[in-house]
Amino acid sequence: MEVDGEDPPKKPSSSSQLNLPPSMNRPTVSLETQRINRLIDSNHYHSPSKPIYSDRFIPSRSGSNFALFGLEPSPGKEDGPGSYAGMLRAAMFEPDTPEKGDVVTGFSPSRKMFRYKTETQRPVNSFSPLGGAGDDEAPGVSRSPVKPTRNILKSAYKVLDAPALQDDFYLNLVDWSAQNVLAVGLANCVYLWNACTSKVTKLCDIGVDESVCSVSWALRGTHLAIGTSSGTVEIWDALRCKRIRTMEGHRLRVGALAWSSSVLSSGSRDKSILQRDIRCQEDHVSKLTGHKSEVCGLKWSYDNRELASGGNDNKLLVWNQHSTQPVLRYCEHTAAVKAIAWSPHLHGLLASGGGTADRCIRFWNTTTNTSLNCVDTTSQVCNLAWSKNVNELVSTHGYSQNQIIVWKYPTMSKLATLTGHTFRVLYLAVSPDGQTIVTGAGDETLRFWNIFPSPKSQVKKEPQDALFSSRESKIGALSFGRTTIR
């Protein structure tokens, strides 16, 4: 019931709702009041000229491209907490059975929140810490964690002094046997170093008028071939330290040797290669001619069907078991070819390296007679060797950096660059387990490096075999530090 003479009650103004101090003049705060009112009634007031910004960003899922992730929004429940929780749970934990919230929201756990789409242009493993997006991801995508890069120790773990180790690019004075024994030619003597016991044995002294130019172990590691400066080749029984045969045929020094079962190939400064079957009485069974200068590199393929030779005439030649003339000629190198290595992983894949004027590593397919790749190393290439455990190879170098490089094939990316020698790294051999290499240089040292990983799959061994393998993998464990080989 209204009272006569009184105005009906009015809705208090927004300014009267503010608890302002009495000393403040209301007209002076009118602009501030209007701004506050706009913030309070932001759901009802929209400025026609300027948007209102806040200190929090709350995304609107109505503008999201759900099709990009293979999802469809649930109508009417976009902002429901169950939908987001269900999607997050399925993306991160991939439940086998749906939770209650999933049933309510209609979300299927088999529908992954993050799925590889070509239009996103992002790496697959950027969406998930497991490296995969789902069961129906692109072929070839692995859900296993990304493997970290292998850490290769940059320094030699053992150093042997090798007095009188010659600084001659054309010689091959170091080889490692299947019995884990290292042979080293020093001046006119050959020394054996047992990698399991670190014991040093003097195998022979070939005389004051001779010098050792090459050494090479037979496949079983019981017999050693020695090439001399006079052109003879000697076969020694390493267990009994006894010479069992001397073979002639070359007129000048023998700087390269290579075994193929019972056949021994020898390369000489007289430009020829002699094939010697140690089962025959003759000193050699055939003579290979094709080089026009000293033969300084020889390697048989793993199937013993092809022999690769490199010479100071810058040529790389390939021979078969019965040819006396090369079946393949490669003339792309511009310096002496000493570094030669056949891949144990791919039939017919051959790597070769050139000297100071060339500095390149080249790859050849001898099956199709094609050149595959060429890499400029910026240094003289002295040696090459493949890992038998992984698809990698190592090269040693001379002028001008004297470094050792571990390469990943076929990308030829550098996995490690090792330094320590102060002269050209002219000699290289690989341990029988394929994990360790030894390098020799004119600085009269032999350095041991762990560069290759162990085989990925191990056959179950008998206890005695496992013991031998364990001893074999610990090269020189009984004698770390710097010692001498004689």
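For ASN188, the residues 5 or more places off, or on other chains, whose built amide H falls under 5 Å of its own are VAL212.
Between the beta carbons of SER198 and SER400, assuming R0 = 35 Å, the FRET efficiency works out to 0.55 to the nearest 0.05. Set the Förster distance to 30 Å, then compute FRET efficiency between ARG245 and VAL327 from the Cβ-Cβ distance, nearest 0.05. For R0 = 30 Å, the calculated efficiency reads 0.50. Net charge of the neighbourhood of ASP277, taken over other residues with C-beta under 14 Å away and scored Lys/Arg +1, Asp/Glu -1, is +2.
Between their Cα atoms, which of LYS292/LYS414; LYS271/LYS338; LYS338/LYS388 are more than 24 Å away from each other?
Those over the limit are LYS292/LYS414.
Packing, as the average of other Cβ atoms within 10 Å across residues, places the peptides 286-293, 305-312 in the order 305-312, 286-293, highest first.
At full extension, CYS280 and SER155 could sit 40.4 nm farther apart than now, given 0.36 nm per residue minus the alpha carbon distance.
Run the accessible area of the stretch 197-313 with a 1.4 Å probe and give the carbon-and-sulfur part as a rounded percent.
On the way: 2370 of 5160 Å².
C and S atoms contribute 46 percent here.
Electrostatic bookkeeping for THR289 treats Lys and Arg as +1 and Asp and Glu as -1; over the other residues with beta carbon under 15 Å from its beta carbon, the sum is +4.
Listed peptides 364-377, 346-359 appear in the order 346-359, 364-377 once ranked by packing, highest mean of other Cβ atoms within 10 Å at the front. Loop-resident chymotrypsin sites (Phe, Trp or Tyr not before Pro) (DSSP state other than H, G, I, E or B) in the stretch 278-324 with no more than 15 further Cβ atoms inside 10 Å of their Cβ: TYR302.
Highest mean first, how do 336-343, 406-413 rank when packing is the count of other Cβ atoms within 10 Å averaged over residues?
On the way: 336-343: 24.6, 406-413: 15.1.
Sorting 336-343, 406-413 by mean packing, highest first, produces 336-343, 406-413.
Net charge of the neighbourhood of VAL406, taken over other residues with C-beta under 14 Å away and scored Lys/Arg +1, Asp/Glu -1, is +3. The simple Förster model, with R0 at 45 Å and r as the Cβ-Cβ distance, assigns LYS388 and TYR84 a FRET efficiency of 0.25. With 0.36 nm allotted per residue and the present C-alpha distance subtracted, the ARG220-SER413 stretch has 66.1 nm of extension available. What the Kirkwood sum gives for the stretch 232-317 is a hydrodynamic radius of 13.2 Å, with every pair of different alpha carbons counted.
The values are calculated or read from the model by the stated rules, or taken from the named source; none is laboratory data. The structure displayed is predicted, hence computed values, not measured ones. Heads up, the Cβs are rebuilt from the backbone with ideal geometry, glycines too, and the neighbour counts pull from every protein chain shown. For the accessible areas, the whole protein counts, side chains as well, though only heavy atoms, and no ligand, DNA or RNA atoms are used. Shrake-Rupley method; radii C 1.70, N 1.55, O 1.52, S 1.80 Å.
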